[in-house]
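Here is the structure we will look at.
The values are calculated or read from the model by the stated rules, or taken from the named source; none is laboratory data. Please read these numbers as outputs of a predicted model, since none were measured by experiment. Cβ: placed from backbone, ideal geometry, glycine included. Neighbour counts: every protein chain shown. Protein only, heavy atoms only, side chains kept; ligands, DNA and RNA dropped before computing areas. Shrake-Rupley method; radii C 1.70, N 1.55, O 1.52, S 1.80 Å.
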Amino acid sequence: MLYLASQSPRRHQLLEQIGVDFRVVDVDVPEQRALGESPRDYVSRVAREKARAGLVMLEDVNVAVLGADTEVVLGDQVFGKPDDADDAAGMLGRLSGRVHEVISTVWLVTRSGEWSDTSLSRVTMPVLDKATIAAYIATGEPFGKAGAYAIQGHGAKLIEHLDGSHSGVMGLPVFETARLLRAHWLIRA
(Lines give C-alpha, C1' and ligand atoms only; values in the text may rest on other atoms or scores of the structure.)
Protein backbone atom coordinates (compact mmCIF):
# COMPACT_ATOMS: atom_id res chain seq x y z
CA MET A 1 0.00 0.00 0.00
CA LEU A 2 1.25 3.48 -0.87
CA TYR A 3 0.93 6.35 1.60
CA LEU A 4 1.45 10.03 0.85
CA ALA A 5 3.08 11.97 3.69
CA SER A 6 1.30 15.22 2.86
CA GLN A 7 -1.96 17.02 3.56
CA SER A 8 -1.57 19.10 0.38
CA PRO A 9 -4.74 19.03 -1.73
CA ARG A 10 -2.60 19.71 -4.81
CA ARG A 11 -0.45 16.63 -4.21
CA HIS A 12 -3.56 14.51 -3.60
CA GLN A 13 -5.09 15.81 -6.85
CA LEU A 14 -1.95 15.12 -8.89
CA LEU A 15 -1.61 11.53 -7.62
CA GLU A 16 -5.31 10.91 -8.27
CA GLN A 17 -4.92 12.42 -11.76
CA ILE A 18 -2.46 9.68 -12.72
CA GLY A 19 -4.56 6.91 -11.18
CA VAL A 20 -2.48 6.16 -8.10
CA ASP A 21 -4.26 4.39 -5.24
CA PHE A 22 -2.96 5.85 -1.98
CA ARG A 23 -3.79 6.81 1.57
CA VAL A 24 -2.59 9.83 3.51
CA VAL A 25 -0.41 9.83 6.60
CA ASP A 26 -0.19 13.12 8.49
CA VAL A 27 3.36 14.07 9.44
CA ASP A 28 4.84 17.12 11.09
CA VAL A 29 8.38 17.79 9.88
CA PRO A 30 10.13 21.10 10.58
CA GLU A 31 11.03 22.93 7.38
CA GLN A 32 14.15 24.78 8.50
CA ARG A 33 17.18 25.11 6.26
CA ALA A 34 20.46 24.21 7.95
CA LEU A 35 23.36 26.63 7.90
CA GLY A 36 25.39 26.07 4.73
CA GLU A 37 22.84 23.64 3.27
CA SER A 38 22.29 24.13 -0.46
CA PRO A 39 18.70 24.74 -1.62
CA ARG A 40 18.65 21.42 -3.48
CA ASP A 41 19.97 19.49 -0.46
CA TYR A 42 17.44 21.25 1.78
CA VAL A 43 14.46 20.32 -0.43
CA SER A 44 15.66 16.73 -0.70
CA ARG A 45 16.25 16.40 3.04
CA VAL A 46 12.79 17.73 3.95
CA ALA A 47 11.05 15.43 1.44
CA ARG A 48 13.02 12.45 2.77
CA GLU A 49 12.27 13.33 6.40
CA LYS A 50 8.54 13.53 5.58
CA ALA A 51 8.61 10.07 3.99
CA ARG A 52 10.63 8.60 6.86
CA ALA A 53 8.32 10.17 9.46
CA GLY A 54 5.34 8.63 7.69
CA LEU A 55 6.96 5.19 7.61
CA VAL A 56 7.66 5.33 11.35
CA MET A 57 3.94 5.97 12.00
CA LEU A 58 2.80 2.89 10.08
CA GLU A 59 2.93 -0.62 11.51
CA ASP A 60 2.41 -2.64 8.33
CA VAL A 61 5.70 -3.92 6.92
CA ASN A 62 4.46 -3.87 3.32
CA VAL A 63 3.97 -0.16 2.91
CA ALA A 64 5.69 2.52 0.90
CA VAL A 65 5.59 6.19 1.81
CA LEU A 66 5.99 9.05 -0.63
CA GLY A 67 7.31 12.34 0.72
CA ALA A 68 7.66 15.53 -1.31
CA ASP A 69 8.91 19.06 -0.91
CA THR A 70 8.88 21.99 -3.30
CA GLU A 71 10.63 25.32 -2.87
CA VAL A 72 11.08 28.47 -4.90
CA VAL A 73 14.74 29.49 -5.13
CA LEU A 74 16.30 32.77 -6.28
CA GLY A 75 20.08 32.56 -6.23
CA ASP A 76 20.81 30.94 -2.88
CA GLN A 77 17.65 32.25 -1.21
CA VAL A 78 14.82 29.80 -0.54
CA PHE A 79 11.31 31.28 -0.58
CA GLY A 80 9.05 29.23 1.63
CA LYS A 81 5.42 29.96 2.43
CA PRO A 82 4.73 33.61 3.30
CA ASP A 83 3.91 34.47 6.91
CA ASP A 84 1.50 37.26 6.00
CA ALA A 85 0.53 39.71 3.22
CA ASP A 86 3.65 41.83 3.70
CA ASP A 87 5.88 38.78 3.45
CA ALA A 88 4.02 37.65 0.30
CA ALA A 89 4.42 41.11 -1.24
CA GLY A 90 8.13 41.08 -0.45
CA MET A 91 8.60 37.67 -2.06
CA LEU A 92 6.69 38.60 -5.19
CA GLY A 93 8.57 41.89 -5.39
CA ARG A 94 11.92 40.07 -5.30
CA LEU A 95 10.76 37.54 -7.94
CA SER A 96 9.37 40.32 -10.18
CA GLY A 97 11.18 40.65 -13.49
CA ARG A 98 13.49 37.74 -12.76
CA VAL A 99 14.01 34.07 -13.49
CA HIS A 100 13.86 31.78 -10.48
CA GLU A 101 14.07 28.03 -9.96
CA VAL A 102 11.53 25.68 -8.45
CA ILE A 103 13.01 22.53 -6.96
CA SER A 104 10.58 19.69 -6.34
CA THR A 105 11.87 16.41 -4.89
CA VAL A 106 10.06 13.18 -4.11
CA TRP A 107 11.32 10.36 -1.90
CA LEU A 108 9.87 6.86 -1.82
CA VAL A 109 10.69 5.06 1.42
CA THR A 110 10.00 1.44 2.37
CA ARG A 111 11.38 -0.83 5.08
CA SER A 112 13.88 -2.16 2.54
CA GLY A 113 15.11 1.00 0.82
CA GLU A 114 14.85 4.65 -0.14
CA TRP A 115 14.79 6.22 -3.61
CA SER A 116 14.36 9.77 -4.89
CA ASP A 117 13.87 11.88 -7.97
CA THR A 118 13.99 15.64 -8.50
CA SER A 119 12.46 18.11 -10.91
CA LEU A 120 14.13 21.46 -11.53
CA SER A 121 12.10 24.14 -13.30
CA ARG A 122 12.97 27.68 -14.31
CA VAL A 123 10.18 30.22 -14.03
CA THR A 124 10.22 33.70 -15.53
CA MET A 125 8.05 36.40 -13.99
CA PRO A 126 7.45 39.71 -15.73
CA VAL A 127 7.95 42.96 -13.87
CA LEU A 128 5.04 43.16 -11.42
CA ASP A 129 3.84 46.54 -10.24
CA LYS A 130 2.59 47.07 -6.69
CA ALA A 131 -1.06 47.12 -7.80
CA THR A 132 -0.71 43.73 -9.52
CA ILE A 133 0.97 42.24 -6.47
CA ALA A 134 -1.67 43.69 -4.11
CA ALA A 135 -4.52 42.41 -6.30
CA TYR A 136 -3.01 38.93 -6.36
CA ILE A 137 -2.48 38.88 -2.60
CA ALA A 138 -6.12 39.95 -2.15
CA THR A 139 -7.19 36.65 -3.79
CA GLY A 140 -5.74 34.85 -0.74
CA GLU A 141 -3.99 32.42 -3.03
CA PRO A 142 -0.36 33.18 -2.04
CA PHE A 143 -0.78 31.81 1.47
CA GLY A 144 0.44 28.27 2.01
CA LYS A 145 2.37 28.37 -1.27
CA ALA A 146 6.15 28.40 -1.64
CA GLY A 147 7.22 31.67 -3.23
CA ALA A 148 3.76 33.17 -2.56
CA TYR A 149 2.18 32.06 -5.83
CA ALA A 150 0.16 29.17 -7.24
CA ILE A 151 0.82 28.39 -10.89
CA GLN A 152 -2.42 26.37 -11.07
CA GLY A 153 -4.60 29.32 -10.08
CA HIS A 154 -4.65 33.10 -10.44
CA GLY A 155 -0.86 32.98 -10.13
CA ALA A 156 -0.67 31.63 -13.69
CA LYS A 157 -1.15 35.27 -14.78
CA LEU A 158 2.17 36.07 -13.09
CA ILE A 159 4.17 33.52 -15.09
CA GLU A 160 5.70 34.75 -18.33
CA HIS A 161 7.55 31.53 -19.13
CA LEU A 162 8.01 28.07 -17.65
CA ASP A 163 10.91 25.86 -18.58
CA GLY A 164 10.28 22.63 -16.73
CA SER A 165 7.46 20.82 -14.97
CA HIS A 166 4.10 22.51 -14.40
CA SER A 167 3.15 19.83 -11.85
CA GLY A 168 6.56 20.20 -10.20
CA VAL A 169 5.89 23.89 -9.66
CA MET A 170 2.48 22.91 -8.24
CA GLY A 171 4.20 20.71 -5.65
CA LEU A 172 4.51 17.17 -7.03
CA PRO A 173 6.44 16.46 -10.25
CA VAL A 174 4.14 13.91 -11.90
CA PHE A 175 6.62 12.53 -14.43
CA GLU A 176 9.34 11.93 -11.82
CA THR A 177 6.84 10.56 -9.29
CA ALA A 178 5.34 8.12 -11.79
CA ARG A 179 8.83 7.01 -12.87
CA LEU A 180 9.75 6.34 -9.24
CA LEU A 181 6.53 4.42 -8.53
CA ARG A 182 6.86 2.35 -11.74
CA ALA A 183 10.45 1.44 -10.91
CA HIS A 184 9.27 -0.05 -7.62
CA TRP A 185 6.16 -1.76 -8.97
CA LEU A 186 3.68 0.57 -7.28
CA ILE A 187 2.04 1.50 -10.58
CA ARG A 188 2.06 -0.24 -13.95
CA ALA A 189 1.87 2.35 -16.69
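Placing pseudo-labels 7 Å out from each Cα toward the beta carbon at residue 132 and residue 115 gives an inter-label distance of 4.2 nm.
The order of 157, 50 by accessible area, most exposed first and with a 1.4 Å probe, is 157, 50.
For the range 106-189, pairs of C-alpha atoms spaced more than 17 angstrom apart make up 56 percent of the total. A viscosity of 1.002 mPa s and a temperature of 20 °C, combined with the Kirkwood radius over Cα pairs in Stokes-Einstein, give a translational diffusion coefficient for the range 31-74 of 186 µm²/s. Sorted largest first by accessible area at a 1.4 angstrom probe radius, with every protein chain in place, the residues 26, 69 fall in the order 26, 69. Which distance in Å, rounded to a whole number, links the C-alpha centroids of the range 59-112 and the range 116-182? For the range 59-112 versus the range 116-182, the Cα centre distance is 10 Å. The residues of the chain have, on average, 50 Å² of accessible surface per residue, using a 1.4 Å probe with all protein chains present. Fully extending the segment from residue 41 to residue 74, taken as 0.36 nm per residue of separation minus the present Cα-Cα distance, adds 10.4 nm.
Largest accessible area first, the residues 187, 18 order themselves as 18, 187 under a 1.4 Å probe with ligands, DNA and RNA left out. Across the accessible surface of the range 1-95, with the other protein chains kept in place and a 1.4 Å probe, carbon and sulfur atoms take up 45 percent. Rounded, prolate or oblate: which fits the range 96-140 when a ≥ b ≥ c are the square roots of the eigenvalues of the alpha-carbon gyration tensor, with rounded for a/c under 1.5 and prolate only if a/b beats b/c? Because a/c hits 1.5 or more and a/b fails to exceed b/c, the range 96-140 counts as oblate. Within the shell of other residues whose beta carbon sits under 15 angstrom from the beta carbon of residue 17, the net charge comes to -1, with Lys and Arg scored +1 and Asp and Glu -1. Taking mean projected area of the Cα convex hull in nm² as calculated from this structure, the corresponding entry among [x] 10.4; [y] 11.4; [z] 12.6 is [x].
Put +1 on the Cβ of each Lys and Arg and -1 on the Cβ of each Asp and Glu in the chain; which of 19, 5, 30 then has its Cα farthest toward the positive end of the dipole? So the residue we want is 19.
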